[in-house]
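Colleague: I have a structure I would like to understand better, so I am pasting it below and will then ask my questions one at a time.
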């Protein structure tokens, strides 16, 4: 389990950094760090259950795996109901580094709020607290 716990710690570090970067008005990096936080948290939750974590970064692959591991269809429903949120996160993974797109304060605020909602939702299912 020790080899999985680093994902938990890194996820929290990325989340804290995302909040700090948002305050500094560095929205592209804030969005990227939010994506990393959510991605690593999902990998931690999966790894905690099966002993290894997926090597993908796509939420369209991670979330179905998480739903399968926890035998919880509500996770898939959350994903489907919030596809634009997850698309924005995946967008941040690529565009914040490789393309001239800029994330606005409003969009990062929305991504941050929805990230918190998602983490609280997962806490109810996994009994694992992010905060």
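Colleague: Can you show me the helix-derived [θ] at 222 nm for the chain, built from DSSP H runs with n ≥ 4 at -39,500 (n - 2.57) apiece and divided by the number of residues, rounded to the nearest 500.
Modeller: So the calculated ellipticity at 222 nm is -26500 deg cm²/dmol.
Colleague: As I understand it, the value is the acute angle between the Cα axis of helix 2-23 and the longest principal axis of the Cα atoms of the chain; what does it come to in degrees, rounded to 10?
Modeller: 20 degrees
Colleague: Using only Cα atoms and rounding to the nearest 10 degrees, what angle (0 to 90) does helix 59-69 make with the longest principal axis of the chain?
Modeller: Taking Cα atoms only, the helix is inclined about 20 degrees.
Colleague: Still on this structure: Can you give me the angle between helix 105-126 and the longest principal axis of the chain, using Cα atoms only, in degrees from 0 to 90, rounded to the nearest 10?
Modeller: Approximately 10 degrees, to the nearest ten.
Colleague: For the chain, rounded, prolate or oblate, judged on the Cα gyration tensor with a ≥ b ≥ c (square roots of eigenvalues), a/c < 1.5 rounded, else prolate if a/b > b/c?
Modeller: Prolate shape, in that a/c is at least 1.5 and a/b is the bigger ratio.
Colleague: For 53, 41, what ranking results if the residue with the fewest other Cβ atoms within 10 Å of its Cβ goes first?
Modeller: With the fewest neighbours first, 53, 41 line up as 53, 41.
Read-outs throughout are calculated quantities, based only on the coordinates presented, and are distinct from any laboratory measurement. In this text the structure is predicted, and so the values were computed from the model without any measurement. Heads up, the Cβs are rebuilt from the backbone with ideal geometry, glycines too, and the neighbour counts pull from every protein chain shown.
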